[in-house]
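Report on the following structure.
What follows draws every value from the coordinates through simple rules; no lab data is involved. These numbers come from a predicted model, not from an experiment. Positions of Cβ are generated from backbone atoms using ideal geometry, with glycine treated the same way; all protein chains shown enter the neighbour counts.
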Amino acid sequence: MTAEHVRIRAAWEHEYPLLERFLYEAIFVPEGAPPPEPDIVRHPELRIYVENFGSQVDDHCLAAVCGEEVVGMVWVRIMEDYGHVDAATPSLSIAVLPGYRGRGIGTRLLLAMHEHLRDSGYRRISLSVQKLNPALRLYRRLGYDVVQENETDLVMVRQLRTEEE
């Protein structure tokens, strides 16, 4: 299975409960470290990524689908999370199921979300990533720039429109 066998589409409302699973998959676990318990996604600092998703005008979600299975999701909302930069910039979350990683699906999801948000009038998008996360290379390749940094994490922003647009 390659990325060409996967189609990217808007997530359906009845699929929003899957965001909890994909939020868990989005948690970076350094090599050799034990994975967190699945209920970590219910902690307040993570709940904000998925709680009542679809209820805010700035909630947007795309799904990567192979056959009938959702194998990846990318979603954004404006919230005061780890990647928050301002009240006009949505924060991005993305995850691809382990068996489907490394096949270009994440790249396709990100590019599709960039296009969707640009067409929807957003000027930029932000995210938070741990410095050790291999996805950092993908974000840099797709034009994300570091705007904040601490010992372990980066906040990155990608411009979607110029000031003139």
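Worth pointing out:
- Some residue of the stretch 74-94 being free of Cβ contacts under 8 Å to residues at least 60 places away in the same chain and more than 26 Å from Gly121 (Cα to Cα): no
- Candidates are the residues of the stretch 1-45 that are hydrophobic (A, V, I, L, M, F, W, C) and in a helix (DSSP H, G or I); the one that is surrounded by the fewest Cβ atoms within 10 Å (Cβ to Cβ) is Ile40.
- Within the stretch 43-60, residues that are more than 18 Å from Tyr82 (Cβ to Cβ) sit with their Cβ atoms under 8 Å from residues that are of a type outside the set (Gly, Ala, Ser) and exposed (fewer than 14 other Cβ atoms within 10 Å of the Cβ), at 6+ positions apart or across chains, in these pairs: Gly54/Glu13.
- Meets criteria (surrounded by 16 or more Cβ atoms within 10 Å (Cβ to Cβ), in contact with a Pro (Cβ under 7 Å, 6 or more places away or on another chain) and not aromatic (Phe, Trp, Tyr)) for Ile125: yes
- Residue within the stretch 137-144 that is over 20 Å from Ile27 (Cβ atoms), in a helix (DSSP H, G or I) and without any contact (Cβ under 8 Å) to a residue 60 or more places away in the chain present: yes
- For the criterion of being closer than 28 Å to His5 by Cα, basic (Lys, Arg) and out of contact with any strand residue (DSSP E or B) (no Cβ under 8 Å at 6 or more places or on another chain), Arg108 fails.
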